[in-house]
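The values are calculated or read from the model by the stated rules, or taken from the named source; none is laboratory data. This is a predicted model, so every value here is computed, not measured. All Cβ positions, even for glycine, are placed from backbone atoms using ideal geometry, and neighbour counts span all protein chains on display. Surface accessibility is based on the protein's heavy atoms, side chains included, excluding ligands, DNA and RNA. Shrake-Rupley method; radii C 1.70, N 1.55, O 1.52, S 1.80 Å.
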Amino acid sequence: MDIAVKKAARATGFAARKRAFAAGQGQAAEILADFLAPHGGKVLAGYMPMRTEIDPLPAMAAHQGVVCVPVIVGQGQALRFREWSPGCVMVPGEFGALIPAEGGWVEPEVLIVPLVGFDGRGYRLGYGGGFYDRTLEGLRARGPVLAVGFAFSAQEMPEVPIEATDQRLDVIVTERGAFRL
């Protein structure tokens, strides 16, 4: 894969996300919560939104079951997940993402996945570290996992540049609805 192609796609995705963020996310979190409702009782991984990422926190707070957030444990490694609840003490983790100061380590069955861009095939463009691809590959090797991309509809691209290690999403949720892939 040409690194310049992915770099250009990321620049396009970040610009689209920034414009969409400025316009507001509408009912996106409610749509996400409604989509996740049938998965109550399953361990849900969300994320702490940074910069212009769409905000999943209301949907995470509404989940009926254990909720966790990703923790980067090291370069080139899969993510680990620590239990989270609204109001828990958070501390800065790698790359500035907030993580719970304490809590149990859990393995998610449903993941809300942040992204820079996505396409209709279910591929996502991330930040380039490969953390979610490694994580999804490992979790899927152990059992069924539902990967839910959460984004602004403006982040859709005609075709995300992919590599052999990229993992597909199962669903995309935007302010316009939930779309199975």
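Taking the helices alone, the chain has a mean residue ellipticity at 222 nm of -8000 deg cm²/dmol, built from -39,500 (n - 2.57) per DSSP H run of at least 4 residues and averaged over all its residues. Which shape class applies to the range 38-181: rounded if a/c is under 1.5, otherwise prolate when a/b exceeds b/c and oblate if not, where a ≥ b ≥ c are the square roots of the Cα gyration tensor eigenvalues? In terms of gyration-tensor shape, rounded. Other residues within the sphere of radius under 12 Å centred on the Cβ of Val66, judged by their own Cβ, net out at -1 (K and R +1, D and E -1). Annotation: extensible slack from Val89 through Tyr127 equals 11.1 nm (criterion: 0.36 nm per residue apart, minus Cα-Cα distance). Basic side chains Lys and Arg get +1 at the Cβ, acidic Asp and Glu get -1 at the Cβ, and with that the dipole of the range 140-181 about its Cα centre reaches some 260 debye.
For Lys7, the solvent-accessible surface computed with a 1.4 Å probe is close to 150 Å², ligands and nucleic acids excluded.
Mean sequence separation of contacting Cα pairs (under 8 Å, at least six apart), scaled by the length of the chain, corresponds to a relative contact order of 24 percent. Here Lys18 is the anchor, and the aspartates and glutamates within straight C-alpha reach of less than 20 Å, apart from those fewer than 8 places off in the same chain, are Glu53, Asp55, Asp119, Glu156, Glu159, Glu175.
Here the Karplus relation 6.51 cos²θ - 1.76 cosθ + 1.60, evaluated at θ = phi - 60°, turns the backbone of the range 106-118 into coupling constants of 9, 10, x, 9, 10, 10, 8, 10, x, 7, 9, x, 8 Hz, with x for every Gly and Pro. Placing +1 on each Lys and Arg Cβ and -1 on each Asp and Glu Cβ, with no other charges, gives the range 3-65 a dipole about its Cα centre of roughly 520 debye. Close amide H pairs (under 5 Å, H built 1.01 Å from N) link Leu146 with Val110, Leu111, residues at least 5 positions away or on another chain. Highest-first packing order for the peptide set 21-34, 85-98 is 21-34, 85-98, based on the mean count of other beta carbon atoms within 10 Å.
Restricting the calculation to Cα atoms, the range 25-75 yields a radius of gyration followed by a Dmax of 11.8, 35 Å.
In this label model, Gln77 and Thr165 are separated by 1.6 nm, measuring between points 7 Å along each Cα→Cβ vector.
With all protein chains kept in place, the per residue accessible area of the chain amounts to 49 square angstrom at a probe of 1.4 angstrom. Rounded to the nearest 20 debye, the dipole size of the chain about its Cα centre is 260 debye, using +1 on the Cβ of Lys and Arg and -1 on the Cβ of Asp and Glu.
Shown in residue order for the range 80-89 are the 3J(HN,Hα) couplings computed by the Karplus curve 6.51 cos²θ - 1.76 cosθ + 1.60 at θ = phi - 60°: 10, 10, 10, 4, 9, 9, x, x, 5, 5 Hz (x for Gly and Pro).
Please work out whether the range 1-104 counts as rounded, prolate or oblate from its C-alpha gyration tensor, where a ≥ b ≥ c are the square roots of the eigenvalues and a/c under 1.5 means rounded, while otherwise a/b larger than b/c means prolate and anything else oblate? It is oblate, given that a/c is not under 1.5 and a/b is not larger than b/c. Here the label points at Ala15 and Arg176, each 7 Å from Cα along the C-beta direction, are separated by 2.0 nm in the simple model.
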